[in-house]
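Heads up, the thing below is written out as structure tokens.
Only the coordinates and a few stated rules stand behind these numbers; no lab work does. Quantities reported herein were computed from a predicted structural model and do not represent experimental measurements. FYI the Cβ positions are ideal-geometry reconstructions off the backbone, even for glycines, and counts take in every protein chain you see.
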Amino acid sequence: MTNQIRVGIIGLGVMGAGHARFLHEHVPGAKVSALFDIDSRRMASLSSELGTVALQASDPVELMDHPEVDAIIIASPDSLHVAQLRLAIASRKPTLCEKPMATSLEDSRLIASEIAAYEAAENRTMINFGFMRRFDPSYLEVRRLLATGEFGAPTFFRTITRNVSSMGVTTQGLFTNIAVHDFDIYRWLFNDEWLSVQSHYPKHSSLSPKDIADPLVITAFMKSGLMMVADIVAFNNYGYDARVEIVCEKGSIEIGINGDVITRANRVMGTHTGGVMAEDWMTRFKLSYIEELKAWISGIQTGVPNLDLANYADALAANEACALGVASI
């Protein structure tokens, strides 16, 4: 393996193309060496843009087995993740797979057990999952502030994820494709496990497809008793909006729309920043994606994994929580 990690990317939609550009522009320890997408024109266009691609593969197996590929990113549609994770296991190459691990709980448990056996045989982590909020500066700052103890113990938190548009999403997908981030990041932030999840349905938005429950409100409890109240909006039509407020015994800590961290304690309050809103999550969480990729590549180069990268157990825990929510629909 060369010192510069050669990465093959499967799936070149918003996520895959974003990863390719972030690697190319911001991660000097890696280069994009191979691409696969069913849209050959999209693949050819991105290959020309990057100028580092040695292979435009005809299928995922060709990409994974190619000698110019040291590591793999799976950014294909959610329904293909399980099959392609099995191919990645067969390739024995480090892999970063976008969330979710699978679209059903049964498949999540099956592939998690297969990854566990694979990694036990390799005696190292081989497959990570794309929960990029773990690397966002604002969430890292919230973790630091909570650890100081100055705000007292958290009691509940309110979280918001509202997309401008979510084409192709289903009501189940509001959990497995959007709320899955909430279930991962707050499990990571509070070092706690999910106990129960319940769906609630406000008045349906006339701007949303009639066959999905949009907006969706979720209430959930963690084993410590900490409560989450979340709203998921698939079609908000006003700008990408991801926020959270953690209400503690002696104050509150909030992440604003632009990633600004606002605190309220001792009769002193912070202020929000204004300005133009991001169009989507790729813009708002750009730095998070870049830092996640840097951590993944560094782990491959050094053999020392970054423990903030999500592993199969983390991905399964997020899917288990999603399943609780889906069951309550």
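Here the Gaussian network model covers the chain, with springs between Cα atoms less than 10 Å apart; of V304, V69, V53, V304 fluctuates the most. Each distinct pair of alpha carbons in region 95-193 adds a 1/r term; the inverse of their mean, the Kirkwood radius, is 15.9 Å.
Among V268, V142, V233, the residue with the largest mean-square fluctuation in a Gaussian network model of the chain, with springs joining Cα atoms closer than 10 Å, is V268. Structural descriptor for the chain: relative contact order 20 percent, calculated from alpha carbon pairs under 8 angstrom and at least 6 residues apart.
Taking trypsin sites (Lys or Arg not before Pro) across region 242-294, the ones in a DSSP loop with at most 13 further Cβ atoms lying within 10 angstrom of their Cβ are K250, R267. Going from the residue with the fewest nearby Cβ atoms within 10 Å to the one with the most, H181, H19 rank H181, H19.
For the chain, the dipole from Cβ point charges (+1 on Lys and Arg, -1 on Asp and Glu) about the Cα centre works out to 540 debye, to the nearest 20. Summary value for region 175-262: 19 percent relative contact order, contacts being C-alpha pairs under 8 angstrom separated by 6+ residues. Applying 1/(1 + (r/R0)^6) with R0 = 30 Å to the Cβ-Cβ distance of E279 and S206 gives a FRET efficiency near 0.85. Highest mobility in the GNM of the chain, judged by mean-square fluctuation with C-alpha springs under 10 Å and restricted to F175, F183, F151, is found for F151. For the pair D59 and M167, label points projected 7 Å from Cα toward Cβ lie 2.8 nm apart. Shape verdict for region 180-313, please, from the Cα gyration tensor: rounded (a/c under 1.5), prolate (a/b greater than b/c) or oblate. Taking the square roots of the gyration eigenvalues as a ≥ b ≥ c, region 180-313 is rounded.
Counted residue by residue at 0.36 nm each, then reduced by the alpha carbon distance between them, the extension gain from Q4 to Y238 reaches 80.1 nm. For N258, project a label point 7 Å along Cα to C-beta. Then give me every residue of region 125-146 with its amide nitrogen under 20 Å of that point. 136-142, by backbone N distance to the label point. Angle check, please: helix 180-190 long axis (alpha carbons) against the longest principal axis of the chain (alpha carbons), in degrees 0 to 90, nearest 10. On a 0 to 90 degree scale, this one is about 70.
Counting only DSSP H runs of at least 4 residues, each contributing -39500 (n - 2.57), and dividing by the residue count of the chain, the helix-based mean residue ellipticity at 222 nm comes to -11000 deg cm²/dmol.
Per residue, the convex hull spanned by the Cα atoms of region 50-100 measures out at 86 cubic angstrom. Across the chain, Cα-Cα pairs farther apart than 25 Å form 52% of the total. Answer rounded, prolate or oblate for region 120-171, using the Cα gyration tensor with square roots of eigenvalues a ≥ b ≥ c: rounded when a/c is under 1.5, else prolate when a/b is larger than b/c, else oblate. Oblate, because a/c is 1.5 or more while a/b does not exceed b/c.
Ordering Y186, Y238, Y118 from the fewest to the most neighbouring beta carbons within 10 Å gives Y238, Y118, Y186.
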